């Protein structure tokens, strides 16, 4: 597979990179292994200033990093800037909290003293996607490095400049030069890297098929893995919901990052009493979105990351309409260059249609009618995915009761699902396993070690 930057707004080649040889891969793994062995002995108090330095480097280079993201995968420039800021926030968060998250914990036992300590594992491979090309790397890297590990990044092949920029951020911040390295490789050598005895664990954010392959390889080698996979998040609207903020959030939740987010709201499950009103307001807001050049400050929807991804999304829309879904707005491939796709709403969505059964990775909303609250929760759980869910009701106490019944890694009541360094993030079912962020995330790649003293 070519490792190259194609501007999704124009289709033009920006830069192409040669895929690394086996010798280059070997040399990099060896260097990162050596760096991690030295790094693990550095006191937490000395790691923290370096991580704060990474946050400072990100903020200083925000415009450059944001433009790189937008040129490589098409997100609106304002969202790209916000992504850089969020990465800096994660660095600051772990610089401040890592020592507390990993502090030794006393334990009762039959000895004179016992405690649990959290030691680094070593070199962790991160296999990362293109849709949040900085954030999804930093939400792994910040806790992993603060825990005393080293990192190898195999980034998506359409965002190589982002991958190299992230490596440089850590170097500029003063981290050991080889502690966090980018591997300029396609998917072929990934199994070889996972199997290398100097790589102790792997984390992947990506598709379900990719997750199965990585998990199988890691399992065969008896290595820890964390997977954050796809999602078809329900956005549940109950009869007493305030539709003003609800529809505003629905629009953002479906179209943020051009609709290319695992935790985007995708299935809008609305009780029948409010369905007509919801559709009217939702349609108006979706139709008002500005589609255009992602480098333009006014743009709210840019192109999808690749033309083949647009073709796949349009095929799902077409097959859903053929199976009985009603096209409310959008659903037409525009003429001209770029991988653009308009904000689209499908109503009358039922089981058996791709819009109900599959993840739609783009600005396409599936609206599903529910008889009542209990039926809405049933429909919300009627999916192989279990990443996030958004629940809208005026009765927040009742919302918490329903939240306990939703099969998802996170439930947001009267708000859109989002990731936050202070909150654990991850899914269940085919949305993956393990957690990122917060105390839970930094403890994924440590040795939970019991120490007992006679």
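Reported to the nearest whole Å, the Cα centre-to-centre distance from the stretch 1-72 to the stretch 239-289 is 36.
Rank-order 228-238, 417-427 by packing density, defined as the average count of other C-beta atoms within 10 Å over each peptide's residues, highest first. Please report the intermediate quantities before stating the final value.
Numbers: 228-238: 27.4, 417-427: 19.6.
Packing proxy ranking, top to bottom: 228-238, 417-427.
Normalised radius of gyration (Cα atoms, divided by 2.2 N^0.38 Å) for the stretch 49-137: 1.52.
The fraction of all Cα pairs in the stretch 1-156 landing in successive 10 Å bins from 0 to the largest distance is 10, 30, 32, 19, 6, 3, 0, given as whole percents.
Please identify which residues in the stretch 338-365 have an amide N closer than 19 Å to a label point set 7 Å out from the Cα of residue 287, following the Cα→Cβ vector. So the set is 341-348, 363-365.
The base-10 log of I(q)/I(0) for the stretch 233-413, evaluated at q = 0.10, 0.16, 0.18 Å⁻¹, reads -0.36, -0.91, -1.15 [Debye formula, identical scatterers on Cα atoms, solvent excluded]. May I ask you to list the residues of the stretch 107-151 whose amide nitrogen lies under 11 Å from a point 7 Å from Cα along the Cα→beta-carbon direction of residue 42? Backbone N within reach: 145-150. Computed over the stretch 386-454, the percent of Cα pairs more than 15 Å apart is 61.
Protection proxy ranking of 264-274, 358-368, 198-208, 325-335, by the mean of other Cβ atoms within 10 Å over each peptide's residues and highest first, is 358-368, 264-274, 198-208, 325-335. Both numbers refer to the Cα atoms of the stretch 279-378; Rg and Dmax are 14.4, 46 Å. The modelled label-to-label distance for the pair residue 85/residue 164, using points 7 Å beyond Cα in the direction of Cβ, is 2.9 nm. Sorted on the mean count of surrounding Cβ atoms within 10 Å across their residues, most packed first, peptides 105-111, 133-139, 4-10 read 133-139, 4-10, 105-111. On C-alpha positions alone, give me the angle between the axis of helix 243-255 and the longest principal axis of the chain, in degrees, nearest 10. Roughly 60 degrees between the two axes.
Projected onto its three principal axes, the C-alpha set of the chain covers 67, 58, 40 Å, listed from the longest axis down.
Computed over the stretch 76-223, the convex hull of the alpha-carbon atoms projects to a mean area of 11.0 nm².
At 0.36 nm per residue, and after removing the present C-alpha to C-alpha distance, how many nm does the segment from residue 30 to residue 319 gain when stretched out fully?
On the way: separation 289, 0.36 × 289 = 104.04 nm, distance 4.91 nm.
Here the answer is 99.1 nm.
Expressed in nm to one decimal, what extension gain is obtained for the pair residue 451 and residue 208 from 0.36 nm per residue of sequence separation less their Cα-Cα distance?
Values: separation 243, 0.36 × 243 = 87.48 nm, distance 3.81 nm.
Net length gain for the segment: 83.7 nm.
Restricting attention to the stretch 233-413, close to 10% of DSSP beta bridges with both partner residues there are antiparallel.
Taken together, the values in this text are just the output of simple stated rules run on the coordinates, not laboratory data. Keep in mind that this is a model prediction, so the values were computed, not measured. A quick note on method: Cβ atoms are made from the backbone with ideal geometry, for glycine too, and the neighbour counts reach across all protein chains shown.
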